[in-house]
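The values are calculated or read from the model by the stated rules, or taken from the named source; none is laboratory data. Keep in mind that this is a model prediction, so the values were computed, not measured. Here the Cβ is made from the backbone with ideal geometry for all residues, glycine too, and neighbour counts use every protein chain on show. Note: areas computed on protein heavy atoms with side chains; ligands, DNA, RNA excluded. Shrake-Rupley method; radii C 1.70, N 1.55, O 1.52, S 1.80 Å.
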Amino acid sequence: MLHVNSISKTYHSKPALSDISLYVHAGESIGIIGESGSGKSTLGKIILGLEKPDQGDVHFRGSNLHTLKGQALKAFRRHLQIVFQDPAGSLNPKLPVWKSVVEPLENYPDVIPSFLKEVRHDRKKMAEVLFQKVGLSPELLERYPHQLSGGQKQRIAVARGISLEPDLLVCDEPTSSLDVSVQAQVLNLLKKLQRDLNLSFLFISHDIAAVQFMCERIVVLKDGILVDAFLTNELFSASRHPYTKMLVEMSMEQDR
Amino acid sequence: MFENKTTTSCENNLLTVESLSVTIRNSRKKLIHNLNFSIPQGEIFGLVGESGSGKSLTATVILGMLSKSLEVTSGSVTLGQSEITSLSERELRNIRGRDIAYLSQNYQSFFTPFIKVGQQFIEIIRCHTDMSRKEAKKVAIHWLNKVHLPAERVFNSFPDELSGGQLQRASIASAIMFRPKLIIADEPTTALDVLTGERILDLLSELKEELNCSILLISHDLKHIIKRTQTVGVMYGGQIVEIGKTSAVVANPIHPYTNLLLQSRLRLNKHIQHELPTMLGEPGLIAEEGCPFTKRCPSAMESCSNKVPMNSLGKHHSAACHLVNAEREERYVTR
Ligand SMILES: Nc1ncnc2c1ncn2[C@@H]1O[C@H](COP(=O)(O)OP(=O)(O)OP(=O)(O)O)[C@@H](O)[C@H]1O
Ligand code: SF4
Ligand SMILES: [Mg+2]
């Protein structure tokens, strides 16, 4: 469904990504891990079409994402949605949260997601269904972002992200700003939605434990280079790249 | 080490917080409730709890920087010989930045943008001493080297030319230049990735040895605390609900909140998990009467609406939970 073909990107003559290739099949969830500065978020932005690669291309359902324009691009965008790290920054502070949740549906009046078929004519009802999907109480519909906890805001961002029933949801560090207890709740929610809606996930994180829980395949980036790619159940295999092994060890160390 | 009220600061304690309570001035709402802990010279003490539990507020009181809308209604904070809670603003200013260094989660905003890092170091140094610019630069370079940064390059950089980890290191360098007795590190690694964060914590431990100071390490995540601290206090709703030697608390958590915090840590697993264990409810759900955790506690019972005193479980471990008496029999006596 998504093919990234040897893309490279340079900022201020420093290479941010060198010759990265990867693919995501329908319904699959792929984790991208690496330290800060490893190029994770740049890769995410290129896949979403927010940045152009210097070299290489991204094909999504057979079309080259970076040559699409106008209506064709808009039609594709619908299938690619994102949930950011900072739940506060991704919501409009001046809108009651239910309006933020249904905003994408207003931009795409012709899209009728399967789970909103019966209520597509009623914005408020759509918001209610989406709230229910992400486990939020309908009492919170009228609240403003500053009246919600970090975990609640992140659920709102997820509700918005799935509202158009996208094929691919890119999650860029979706839980790292949340309390530990809330992180687990949000990860459980994302995993359940992925299964229920048959979403594909591109899950970007520096937390190898979160990626292990969420993803079937893992890609490791270091200084803009793809150093390792494997099935999650091969995470502890002896043939892992030394860098991956070190990340695993670090994560185990912390628990002692 | 963390007795209840009964003993005052023992000889080698650098910092002692005693029966500290903080309320909002006009609503009388208690934000911090009867806090007791102390940090011995040369030790790292961990304070852990979720968002809003009162960790940063505790740090603010120790720094003598409590907002005007809040008020210390009881108790005291003592650093060495000085009782911080009774000092004047001028005396406090002398202590802050010199005796106590503060590192915050927002290291991004530690330095002013568009002014070179070195320039900012020189200003900080000249504000506390009467050194010439040249001498001040020497001092700055010395400390930038100490935190393992390419000193000259960082000195001549603008803040936005440095990575997150480098900025945090530079802010550490500037915080420790006057050899503080206490470093308060409030979520110093939360915004960093695991490797960068671990290296920052290694650096802090190393500096602690060199300066022979104490560290108050604050985090919402036990995994940042476990390996680094000798003693840990677990906070919920403005109270310490469990405190003790870190190894004892981790091996034998008594308070259900501590237990759930430990369980909900994200960990690598040999087997793929289908669902992560979670905690009931949201942070901030705090009971006003009795045990603050009542509304989220899986073991809550009727008596939990009554006040819970801190009960000690042996010399190095105590918890404020009605289960303690029952647990004590099981865990400590029968062994
Ligand atoms: N100036 C203030 N006026 C009123 N309430 C305040 C003030 N400062 C803090 N509080 C409240 O005190 C409580 C404790 O806040 P504190 O900042 O100490 O939490 P924390 O444990 O550091 O949380 P986090 O992990 O989110 O940093 C919160 O309920 C907060 O809203
Ligand atoms: S006192 Fe009661 S409610 Fe509080 S932690 Fe103990 S069992 Fe739970
Ligand atoms: Mg805080």
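Peptide B:191-201 is shielded by partner chain Cβ atoms: per residue, an average of 5 of them sit within 10 Å of its Cβ.
Taking all protein chains as shown and a probe of 1.4 angstrom, A:Glu139 keeps an accessible surface of around 150 Å².
Using helices alone, what [θ] at 222 nm do you get for the protein assembly as shown, with -39,500 (n - 2.57) per DSSP H run of 4 or more residues, divided over all residues and rounded to the nearest 500?
-9500 deg cm²/dmol, from helical runs alone.
To the nearest whole number, what is the average tally of beta carbon atoms from other chains within 10 Å of the beta carbons of peptide B:260-273? Could the numbers behind the result be given before it?
On the way: counts 2, 3, 2, 3, 7, 7, 14, 7, 16, 4, 2, 1, 6, 6.
Neighbouring Cβ atoms belonging to other protein chains average 6 per residue here.
Peptide packing: for B:271-277, B:208-214, the average count of neighbouring Cβ atoms within 10 Å per residue gives the ranking B:208-214, B:271-277, highest mean first. In this label model, A:His12 and B:Arg98 are separated by 3.8 nm, measuring between points 7 Å along each Cα→Cβ vector. In the complete set of protein chains, residue-level accessible area for A:Val248 is approximately 20 Å², probe 1.4 angstrom.
The convex hull built on the alpha-carbon positions of the protein assembly as shown has an orientation-averaged projected area of 29.5 nm². The loop-placed trypsin sites (Lys or Arg not before Pro) in segment B:278-308, going by DSSP, that have at most 13 neighbouring Cβ atoms within 10 Å of their Cβ come out as B:Lys307. For the listed peptides A:175-181, B:281-287, a ranking on the average number of other beta carbons within 10 Å per residue, highest first, reads A:175-181, B:281-287. Of B:Leu222, B:Leu203, B:Leu79, the residue with the greatest mean-square motion in the GNM of chain B, using alpha carbon springs below 10 Å, is B:Leu203. Just report the Cα centroid separation between segment B:197-242 and segment B:56-121, whole Å. A separation of 18 Å, based on Cα centres. Within the assembled protein chains, the solvent-accessible surface assigned to B:Ser163 is about 60 Å², based on a 1.4 Å probe. Distance check, please: which entries in B:Lys134/B:Lys181; A:Lys191/B:Lys270; A:Lys40/A:Lys191; A:Lys192/B:Lys307; B:Lys55/B:Lys227; A:Lys74/A:Lys124 exceed 29 angstrom between their Cα atoms? Long pairs (Cα-Cα over 29 Å): A:Lys192/B:Lys307. In terms of packing, defined here as the mean over residues of other Cβ atoms within 10 angstrom, the peptides A:142-150, B:179-187, A:156-164, A:1-9 line up highest first as A:156-164, B:179-187, A:1-9, A:142-150. Which one, B:Asn26, B:Asn311, B:Asn145, has the greatest fluctuation when you compute a Gaussian network model over chain B with C-alpha springs under 10 angstrom? Top of the fluctuation ranking is B:Asn26.
Comparing A:Lys40, A:Lys14, A:Lys245 in a Gaussian network model of chain A (Cα springs below 10 Å), the most mobile by mean-square fluctuation is A:Lys14.
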